[in-house]
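Novice: Below is one structure. I have some questions about it.
The values are calculated or read from the model by the stated rules, or taken from the named source; none is laboratory data. Since we're looking at a predicted model, the values are computed, not measured. Cβ sites come from the backbone with ideal geometry, for glycine too, and all protein chains shown count toward neighbours.
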Amino acid sequence: MSLPPTIKNLINHFSALPGIGNKTAERLVFYLLKQNKIFLTDFGNNILHIKDQIKNCTLCGQFSEQNLCSICANQKRNHGLICVVAEAADIEALERPREFNGVYHVLNGTLNIMEGVGIEKLRITELIQRIKQNNIQEIILALNPTIEGETTSLYLTKLLKNYNLKITKLARGLPQGGDLEYADEITLSNAIKGRITI
């Protein structure tokens, strides 16, 4: 079947997204073709303005429309308990079980020398500043159980031992080599409850 260039281009854009193959991209485009113009205009405007309206929380690095994200701005959260994650998407995964009442810190990745990601590219300095300026009692290292995640956890553990705080990490039960983003709520809930001191 010979598709018009506009449809082919849109399929190519969708299939360039992570986790979306060519068949899924085709289904998405064909779905959009069936929608009315109001839906498509709203959909397009949201994509068009995402970079203008979304910024990073000045404290934790999470995505937000304000200077502080809703979690950091919430005074009912335990601000003395920081859960360190690699990516902002990990926060959504950890919030689903509703077991954690602390705040977060997004590193924006993990150490990966092969890809040129050293400590200078991660938000480690910002984490140390938060520890120095606030009364932090515990840091939970909630990094993916991959080689890069474990390497980053080891580095942070050694670095944070210089401060008077408890350092824990999520309990096992998360699959080795897996991503927090795809873990189910029960596994994440148990991992948070069963975190261990490092």
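Novice: Suppose we keep only residues that are of a type in the set (A, V, I, L, M, F, W, C) and assigned to a loop (DSSP other than H, G, I, E, B) within region 1-35. Which one would you say is modelled with the lowest pLDDT?
Specialist: MET1
Novice: Restricting attention to region 58-76, which residues are in contact (Cβ under 8 Å) with a residue 12 or more places away in the chain and within 17 Å of ILE131 (Cβ to Cβ)?
Specialist: LEU59, CYS60, GLY61, CYS72, listed by residue number.
Novice: Also: Out of GLY116, GLY149, report the one residue that is assigned by TED's automatic domain parsing to the domain that holds LYS193, under 21 Å from CYS60 (Cα atoms) and of a type in the set (Gly, Ala, Ser).
Specialist: Exactly one residue qualifies, and that residue is GLY149.
Novice: Turning to a different aspect of this structure: Quick one: in region 52-84, which of the residues that are among the basic types (Lys, Arg) and loosely packed, with under 15 Cβ neighbours inside 10 Å is nearest to the chain's Cα centre (by Cα)?
Specialist: Selected residue: LYS55.
Novice: Considering only region 36-56, I want to know if a residue exists there that is within 30 Å of ILE136 (Cβ to Cβ) and part of a loop (DSSP other than H, G, I, E, B).
Specialist: yes
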